[in-house]
1. Quick one: residue 28 ticks every box in (1) more than 17 Å from the chain's Cα centre (by Cα); (2) surrounded by fewer than 24 Cβ atoms within 10 Å (Cβ to Cβ); (3) at pLDDT below 90; (4) within 30 Å of residue 114 (Cα to Cα) except a single one, so which number is it?
2. Closer than 23 Å to residue 121 by Cβ, modelled with pLDDT of 90 or more and crowded, with 23+ Cβ neighbours inside 10 Å: which single residue out of 70, 44, 82 fits that description?
3. Find the residue count for the stretch 111-139, including only residues that are in a loop (DSSP other than H, G, I, E, B) and in contact with a helix residue (DSSP H, G or I) (Cβ under 8 Å, 6 or more places away or on another chain).
4. Which of (1) under 23 Å from residue 144 (Cβ atoms); (2) under 15 Å from the mean Cα position of the chain (by Cα) does residue 221 not meet, given it meets every other one?
5. Would you please list the contacts, defined by Cβ atoms under 7 Å and residues six or more apart or on different chains, that run from a residue in the stretch 107-118 that is surrounded by fewer than 17 Cβ atoms within 10 Å (Cβ to Cβ) to a residue that is part of a loop (DSSP other than H, G, I, E, B)?
6. Report yes if residue 150 is more than 26 Å from residue 3 (Cα to Cα) and at pLDDT 85 or above, otherwise no.
7. Answer with yes or no whether residue 243 is crowded, with 22+ Cβ neighbours inside 10 Å and in contact with a helix residue (DSSP H, G or I) (Cβ under 6 Å, 6 or more places away or on another chain).
8. Residue 43: out of contact with any strand residue (DSSP E or B) (no Cβ under 8 Å at 6 or more places or on another chain), in contact (Cβ under 8 Å) with a residue 12 or more places away in the chain and within 22 Å of residue 21 (Cβ to Cβ), yes or no?
């Protein structure tokens, strides 16, 4: 329980800092920059580390079996949000969350345990999501927006996003195996990023951030999960985390180049 409360506190701290950085970067430098930062591994690092710490690195490695598929559904969550947002922010957010919960529940109900299937499904969903956002929905990047930052505004963002992420960690611990499995993959960082982006820049601004969020998240975070799977058992918790994050950041270099040059 002591480790759980430490996990909860760190999830709050990491989540609040990450989402605040993401939204401020998007407002200062445009949706591409914000989406890129928001899609980098953050709370996943804390989650896998504490699984390994409270149990064993091998158990943390095994917990990545459906991780790619779960993040594939996060890509669909962003696509549906971009599709529905012009019907209203609440319609888009609630509709995309309901879809995500339905799809994620199937992972638990059907007891998916095939890692290769999970990885292939994630790759297919990534291609589909990119095609939808780029070609069908034609989500375009937006430049920076002019906002005067008051200390209380930054603090409110940090508290809101940190609370949401910590709450999801709490639910995943105590809600039982089915709902716990669902909540453990909940896109808390993406949800809080969309909420804050909408509040600061409006519908189009929050819509624009979905594409770089999807690309960066589904590539770098899934690669981080692969690093955990293959390096935690042999290298241990600390070194395995360092190597996994190094792999994710290496992939982030290529992702950032693609985002800057290819995304409209």
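1. Every listed condition holds for residue 28 apart from (4).
2. Working: 70 fails: modelled with pLDDT of 90 or more; 44 fails: modelled with pLDDT of 90 or more.
Going through 70, 44, 82 in turn, just one is closer than 23 Å to residue 121 by Cβ, modelled with pLDDT of 90 or more and crowded, with 23+ Cβ neighbours inside 10 Å: 82.
3. Applying the first criterion (in a loop (DSSP other than H, G, I, E, B)) to the stretch 111-139 yields 111-114, 137-139.
Okay, now just the ones that are also in contact with a helix residue (DSSP H, G or I) (Cβ under 8 Å, 6 or more places away or on another chain), so 112, 137, 139.
So the answer is 3.
4. Condition (1) is where residue 221 drops out.
5. Close Cβ pairs (under 7 Å, with a partner that is part of a loop (DSSP other than H, G, I, E, B)) amount to 112/66; 113/65.
6. Numbers: more than 26 Å from residue 3 (Cα to Cα): yes; at pLDDT 85 or above: no.
Considered against the rule, which asks whether it is more than 26 Å from residue 3 (Cα to Cα) and at pLDDT 85 or above, residue 150 comes out as no.
7. Numbers: crowded, with 22+ Cβ neighbours inside 10 Å: no; in contact with a helix residue (DSSP H, G or I) (Cβ under 6 Å, 6 or more places away or on another chain): yes.
No: the conditions fail for residue 243.
8. Numbers: out of contact with any strand residue (DSSP E or B) (no Cβ under 8 Å at 6 or more places or on another chain): yes; in contact (Cβ under 8 Å) with a residue 12 or more places away in the chain: yes; within 22 Å of residue 21 (Cβ to Cβ): yes.
In short, yes.
The values are calculated or read from the model by the stated rules, or taken from the named source; none is laboratory data. Being a predicted model, the structure only gives us computed values, none of them experimental. Positions of Cβ are generated from backbone atoms using ideal geometry, with glycine treated the same way; all protein chains shown enter the neighbour counts.
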